[in-house]
Amino acid sequence: MAKGKARILPRAFYMADGLSAASALLGKVLVSQTAEGLTSGRIVEVEAYLGSGDRAAHAFRGRTPRTEILWAEGGRAYVYSLHTHHLFNVTLGPAESQDVVLVRALEPLDGLALMRQRRGERHPARLLCAGPGRLCQALGISRSLYGHDLTQGAPLCLMDDGTRFPASEIAASPRIGIDYAGPDRDQPWRLTLPKSPFLSRRRG
């Protein structure tokens, strides 16, 4: 990443709805700074979850201690556990909107040696961050970052280094693993850069 040109995404970026933000997040850089060191990756795959009206969204089940941050102003980290993995989401919109974007895959940029240490030396770069659980492990993202304000920088932030992808290079498809969501399971709210070798899945 060209750090001299990169800037932390401001609050205004996060005031968009989930679908608009999902598209805009492709190409942005997720940066994690821990005591172990700095790791980062470019976002190549996301899924949008559109608040209480979306049967696949956590907000659909109502306001709970786990989902409380979804009712806050956008720009916060919504990190939750699924089985043995952590998953990182970005909250969007003004207070009460409840939209989020799940970051599903990254192209590793900085700190590959540390990512391999966390994930296992056998993993090639292509698989270090290919999936929401994998990328959280590689970047050291855990539940301790729940609610972190992403506009404030370390230990976790999203940065814009000027990279852009035109709409013609973005593919939309149904989200993964939401068969329980009725008609919402078929909504094309998974956005990817299909030419990237770093996606969590090549099809779907």
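Put in order of Cβ neighbour count within 10 Å, fewest first, the listed residues 159, 15, 115 become 15, 159, 115. Each of 47, 121 was scored by other Cβ atoms within 10 Å of its Cβ. Listed from fewest to most, they are 121, 47. Applying 1/(1 + (r/R0)^6) with R0 = 30 Å to the Cβ-Cβ distance of residue 121 and residue 168, what FRET efficiency is obtained, to the nearest 0.05? My answer for the efficiency is 0.20. The ranking of 104, 190, 119, 66 by Cβ neighbour count inside 10 Å, starting from the fewest, reads 66, 119, 190, 104. Magnitude of the charge dipole for segment 7-192, about its Cα centre and with charges confined to Cβ atoms of Lys, Arg (+1) and Asp, Glu (-1), is about 480 debye. The mean sequence separation of alpha-carbon pairs under 8 Å and at least six residues apart, normalised by the residue count of the chain, gives a relative contact order of 28 percent.
Using only side-chain charges placed at the Cβ, +1 for Lys and Arg and -1 for Asp and Glu, the dipole size of segment 110-204 relative to its Cα centre rounds to 520 debye.
With a ≥ b ≥ c taken as the square roots of the eigenvalues of the C-alpha gyration tensor of segment 7-192, please select rounded if a/c is under 1.5 and otherwise prolate if a/b is larger than b/c or oblate if it is not? In terms of gyration-tensor shape, rounded.
Using a Förster distance of 22 angstrom, determine the FRET efficiency expected from the C-beta separation of residue 179 and residue 144, and round it to 0.05. Using R0 = 22 Å, I get an efficiency of 0.10.
Note on the chain: with a GNM built from Cα contacts shorter than 10 Å, the maximum mean-square fluctuation among 192, 67, 39 falls on 67.
When shorter helices are ignored and each DSSP H run of at least 4 residues is given -39500 (n - 2.57), the per-residue value for the chain at 222 nm works out to -3500 deg cm²/dmol. Residues of segment 79-122 falling in the label zone of residue 61, defined by backbone nitrogen less than 14 Å from a point 7 Å along Cα to beta-carbon, are 80-83.
Computed from the coordinates by the stated procedures, all read-outs in this text should not be read as laboratory data. Please read these numbers as outputs of a predicted model, since none were measured by experiment. Virtual Cβ from ideal backbone geometry, glycine too; neighbours counted across all protein chains shown.
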